[in-house]
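Worksheet: the structure to be examined is printed underneath.
The values are calculated or read from the model by the stated rules, or taken from the named source; none is laboratory data. Worth saying up front: this structure is predicted, and the values here are computed from it rather than measured. Cβ placement follows ideal geometry from the backbone for every residue including glycine, while neighbour counts extend to all protein chains displayed. These accessible areas exclude ligands, DNA and RNA; they are computed on the full protein's heavy atoms, side chains included. Shrake-Rupley method; radii C 1.70, N 1.55, O 1.52, S 1.80 Å.
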Amino acid sequence: MKLTINYKIISYFILGVFAFILRIYDLSSRAVHHDESLHGFFSFITSQGEYYPHNPLTHGMFLFNILSSFFWTLGDSEFILRLPFVIIGIAIVFLPLLLRKELGFLPVFIFSLLLTFSPSISYFSRFARNDIFMGFILIIFVISIFKYIKYSDNKWLYTLVSIMALGFTIKETMYINVLGLLIFLFFYSFNDLKNLILGKINISNINNFTRIFLIIFALSLPLAAPIVSVFQSSLGVILATPDGYPGTPPGLPVGVGIIFSWIVSIIFLSISIFIGYYLNKKLFLNLFITFWLIFILMFTTFFISPQGVVTGQWQSLGYWLAQHEVARGSQPYYYYFLILITDEFLPFLIGMPLSIIYLFRGDFFRKLISFWAIFSFISLSFAGEKMPWLIVNITIPFIILTSVFISEIILINYKKPYQTIIFYLLSVLAILIMVLKLLFTNYEIIENNVYYDSLFLFISILIIVFIFLQNKKLFQLKLFFHSFIILFFIFSAVLTVRTTNNILFKYSDDPKDLLIYTQTSENLHSINYELNDLYLKKPNLSLALDNSDGFAWPWMWYLRNRDNVTWFNDMDYQNLEGDYDVVIMNKKNIDKFSEKILSNYEVQRNFSHRKWFPESVYRNKSIKDLYILISNSNHRISLKNYYIYRDIPMASGSSDAVYLKSNSLKLID
């Protein structure tokens, strides 16, 4: 019996193993991030019977519904907190297989390969935030658009509508992504829409581009009603309250604005139903029910909280429109460029120029992905709030473009004589190595000699040119370019794997990378273990914890199962009574404790509560600074050290705390 080995299955099995290891290995060791603790704590109390209603600050309800169900089923721990995101982070690697028929195995496999080792996709697959869910949703959303247009199969419409509804319940970035894809589809549908309005064609004669545009537009239109809050100053009504507005959560209308919001919402809903009825009343009714059933079930947590319909429909977008001017994070407009160029350099440096080329010269699929990439990059770069986790939205389309292009190069050249391919690769490699050596070597060290390195580069070029002159048929500029791209891809892939390893394992608790941004200190994580040991020795341990400056998080998560915990802030120091076993306080407030109180505690240990990337490294920069970075050899060497070793010329920022342990605990230690 002959054993048949399917290399495709084996390839994906190996890829799946790598994805599994990268996502799940040592999952619980990293300290729980501030945002993770918010998601974890409120999901935990929901799993215990205390409901957490929708709050746009923490985005949609999908995460809380999923996470609370995991806690209720499997129990609560740091591992379970991150497990749903790990599962989606592994599953996302296999999504490209949905395109194997249309693109072929090679581009699909490269797509999966890049998703597996992508620093941002890998990192946020181990992080209890919505962003890996959104990345998963967006890939299926775009594939559904492409598949429906190509095959006219309604199953892809139902898939698209279901996924779009889930996207709106995951995170408000779905509004931006849907807007971008609607703009793209509008250009493809323009002639049909024009002829439809002029009565030149019947609705039944429109093409699939127009049909899917109208369906997405009609279903999402009622959720766009809060956009009128942008004009609330001119209208003289409050349609989306800002932070701190008395008596009303941010993003909701007040007074006459409530009536106005109802009128606008009804108008938008009426337009939606009219478009659907005109398009195909039976099909649209099914799609409408599917969309709103998912939306309502998620935002009301299966009808537990009916007000979720209102907050989901209005406050979701209203809150973030009100937050645009706040610009949380206050990052510069080039923030995402920095993250892409330092972490996702492989898909970005290849995909960015491709997106411009394919947008004008590609087929529908390439144009679709190119527009998605460019729109995401520009729109998120100019959005008020810029945070590193949003890079997932930008990275994915660039990964797709890179996968398609690299596979094209391989398929064009793989049948050529291997001797020719090897010669081109070695020629380009020799030149590339010497150019990089000249650019990133410290020639102030005596052992390094710029003269010899320049001479070696010159001789290498002469030898290559001589060989080509001897055999002019051998020289192909296109093949030389392809060889350079392949070598760049391989070199960048190796550096990407190193970057991913550094982010996931080496520096996961130390913000030496822009992706990490800010992170709970490993010291806090260690103190939590120490507290767990104390609770074993003294179950009724009394603990007082300072919650000023957001210090309550992530302690709210870590102490979720603990009783006898007192929370205090700046105003409570003088009134803080009781002989606590342990006090954890903001370091800046230590002087507010009298010497008499402090004398009751044997251990006084300072520790970092939260660290963040030293932002002064990249803030307030100009084109002139970029020129200096490129032209100055010392700056180039610093850049190399950052890429390879994550060396930063200054220390991470830190907000510190103090751990105080009562003298009375001597008896149990």
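Observations, loosely collected:
- Failed criterion for LEU279 (all others in (1) open to solvent by less than 20 Å² (accessible area, probe 1.4 Å); (2) over 34 Å from the mean Cα position of the chain (by Cα) hold): (1)
Condition check ((1) crowded, with 24+ Cβ neighbours inside 10 Å; (2) over 27 Å from THR290 (Cβ atoms); (3) among the aromatic types (Phe, Trp, Tyr); (4) touching an Asp or Glu at 6+ places or on another chain (Cβ under 8 Å)) across all residues:
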{"residue": "GLU102", "(1), (2), (3), (4)": "no, no, no, no"}
{"residue": "LEU106", "(1), (2), (3), (4)": "no, yes, no, no"}
{"residue": "SER120", "(1), (2), (3), (4)": "yes, yes, no, yes"}
{"residue": "ASP153", "(1), (2), (3), (4)": "no, no, no, no"}
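- Residue check for ASN620: under 37 Å from the mean Cα position of the chain (by Cα), open to solvent by less than 50 Å² (accessible area, probe 1.4 Å) and more than 30 Å from ASN501 (Cβ to Cβ): no
- If you go through the stretch 616-669 and keep only what is out of contact with any helix residue (DSSP H, G or I) (no Cβ under 9 Å at 6 or more places or on another chain) and in a strand (DSSP E or B), you end up with SER654, SER662.
- Scoring PRO246 on the criteria (1) free of Cβ contacts under 8 Å to residues at least 12 places away in the same chain; (2) open to solvent by less than 60 Å² (accessible area, probe 1.4 Å); (3) outside any helix (DSSP H, G or I); (4) not hydroxyl-bearing (Ser, Thr, Tyr) leaves a single failure, condition (2).
- Flag for ASP581 being surrounded by 17 or more Cβ atoms within 10 Å (Cβ to Cβ) and either at pLDDT 90 or above or not basic (Lys, Arg) (or both): yes
- Positions within the stretch 193-206 being of a type outside the set (A, V, I, L, M) and out of contact with any Lys or Arg (no Cβ under 9 Å at 6 or more places or on another chain), in sequence order: ASN195, GLY199, ASN202, SER204, ASN205
- The condition of being open to solvent by 30 Å² or more (accessible area, probe 1.4 Å) and closer than 24 Å to LYS640 by Cα does not hold for ASN471.
- Residue list for the stretch 38-84, filter: more than 20 Å from SER125 (Cα to Cα) and either among the basic types (Lys, Arg) or open to solvent by less than 10 Å² (accessible area, probe 1.4 Å) (or both): PRO56
- Residue ranges of helices (runs of 4 or more DSSP H) in the stretch 334-424 with at least 2 members among the polar types (S, T, N, Q) and modelled with pLDDT of 95 or more: 364-381, 391-413
- Residue within the stretch 235-243 that is open to solvent by 50 Å² or more (accessible area, probe 1.4 Å), outside any loop (DSSP other than H, G, I, E, B) and among the hydrophobic types (A, V, I, L, M, F, W, C) present: yes
- Only listed residue being open to solvent by 50 Å² or more (accessible area, probe 1.4 Å), assigned to a helix (DSSP H, G or I) and either on the phi > 0 side of the Ramachandran plot or out of contact with any helix residue (DSSP H, G or I) (no Cβ under 9 Å at 6 or more places or on another chain) (or both), chosen from PHE217, PHE231, PHE186: PHE231
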